Structures are given as structure tokens and as C-alpha cells.
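Scroll down for the structure; my scribbles are underneath it.
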Amino acid sequence: MSTFFHKFEVRWSDLDANRHMANSSYMMYCAQARMAFMYANGLRMATLVHWGLGPVILHEEFSFYKEITADQFVYVSVELTGMSEDGSIFAFTHKFYTPEGTHRATSRVVGVWIDSMLRKITIPSEDILDAFAKYKTDQMEILTMEDIKNLSSKPQNIDRSAFQKPNL
């Protein structure tokens, strides 16, 4: 499997009150690693805008194994672990490693490509499909719209009058 790695230096601003990396920082590192992956494969933001395409993350989950603290370097992997046959749905797994190779956390994201004008799921360009093809493996999961429908959480609307009740 071809794995892409992006290196980060953990900054003071990436920490929470417990002096370890904040949950929101893990999310931002994953997003930046994915963009670095795209750039390394010739898929720059300006190109996506020109094509009218955008990646949208629908689901993201994390497992944390050991703290990451300030002034450490971490490597975040980008592994293509799922894709629909037409490429409109994708899944990446990100693993956080110290320079010694110690695995600190894992994230899995599921997303889709959207037409940025129509705001609807679309099939990506051949350039994107070609870039992703370099990272396909026999173990990669084939995703379908059914997988999107079966994501672990669903929207649960409430009556808006609940917002007008005083908080205790």
C-alpha cells in the first residue's frame, strides 16, 4: 500500500487545558494532511475551484492511544481505505506517529465530492481518479450510497420551542 505522510510540529496553540494536543487540532492536522496529499498529487485548490469540485467530509471518528504534547513532531498518514466505483465517495484513514514510529492516534473519514455550484454529489475528474488510483490496494473497501446512509449517526430534529426554555 502506498502511504502518504505529512510532518507537523506541534505548536503551543494546538494544545488544550491539559497541555496535550486538543481534539480540534487532530481534526485540523488530518484536513491539512489530506490537502498536502492532494497538492503532492497535482490537485491544488485553484484546480478544484476551476473544475467546480470540492471534497466534503460527512463522517469523522477518532481513537486516541497516547498523548501528543507541545514541541513534538508528528507524522500523519493519508491512506485511501475506501472508494466508490465511480470515485464520488471516498474514505481515508489517518494515523498519527512520533518520529520513532510510535502510533498515537487514528482517524477515519468518509466523504464525497460535490459539484460546488449544484451542491450535489458528483463524480470527480479523471485527474483525481488517476491520482487516487496510485493509492488503491486489494484491501480497499468499495463504498456505495448505502454506506453513506448507514453512517453511525443520523440527524434528529427537535421542536424549536426547546430553544426558548431558560437554562438552569
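The values are calculated or read from the model by the stated rules, or taken from the named source; none is laboratory data. Bear in mind that the values here come from a model prediction, so they are computed numbers and not experimental data. We place every Cβ from the backbone using ideal geometry, glycine too, and count neighbours over all the protein chains shown.
The figures follow:
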item: Tally of residues being under 14 Å from R108 (Cα atoms) and in contact with a Phe, Trp or Tyr (Cβ under 6 Å, 6 or more places away or on another chain) across the range 63-90; result: 5
item: Pairs where the first residue, in the range 148-168, is among the aliphatic types (A, V, I, L, M) and the second is surrounded by 10 or more Cβ atoms within 10 Å (Cβ to Cβ), C-beta under 6 Å, 6+ apart; result: L151/H59
item: Enumeration of residues in the range 65-120 that are free of Cβ contacts under 8 Å to residues at least 24 places away in the same chain and either aliphatic (A, V, I, L, M) or on the phi > 0 side of the Ramachandran plot (or both); result: G101, L118, R119
item: Residues within the range 1-21 that are crowded, with 16+ Cβ neighbours inside 10 Å and of a type outside the set (D, E, K, R), tallied; result: 7
item: Count of the range 52-72 residues which are in a loop (DSSP other than H, G, I, E, B), charged (D, E, K, R) and either modelled with pLDDT of 95 or more or surrounded by 16 or more Cβ atoms within 10 Å (Cβ to Cβ) (or both); result: 2
item: Odd one out for M35, checked against (1) under 13 Å from the mean Cα position of the chain (by Cα); (2) buried (at least 18 other Cβ atoms within 10 Å of the Cβ); result: (2)
item: So F62, is it touching a residue at least 24 places away in the same chain (Cβ under 8 Å), farther than 23 Å from K149 by Cα and under 13 Å from the mean Cα position of the chain (by Cα); result: no
item: Test: residue in the range 146-161 that is surrounded by 10 or more Cβ atoms within 10 Å (Cβ to Cβ), in contact with a helix residue (DSSP H, G or I) (Cβ under 9 Å, 6 or more places away or on another chain) and closer than 28 Å to G42 by Cα; result: no
item: Filter pass, T47 being β-branched (V, I, T), more than 14 Å from the chain's Cα centre (by Cα) and farther than 20 Å from E100 by Cβ; result: yes
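Residues checked against (1) within 18 Å of the chain's Cα centre (by Cα); (2) among the hydroxyl-bearing types (S, T, Y); (3) modelled with pLDDT under 95; (4) in a strand (DSSP E or B):
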position	(1), (2), (3), (4)
V74	yes, no, no, yes
F90	yes, no, no, yes
H94	yes, no, no, yes
W113	yes, no, no, yes
P124	yes, no, no, no
K136	yes, no, yes, no
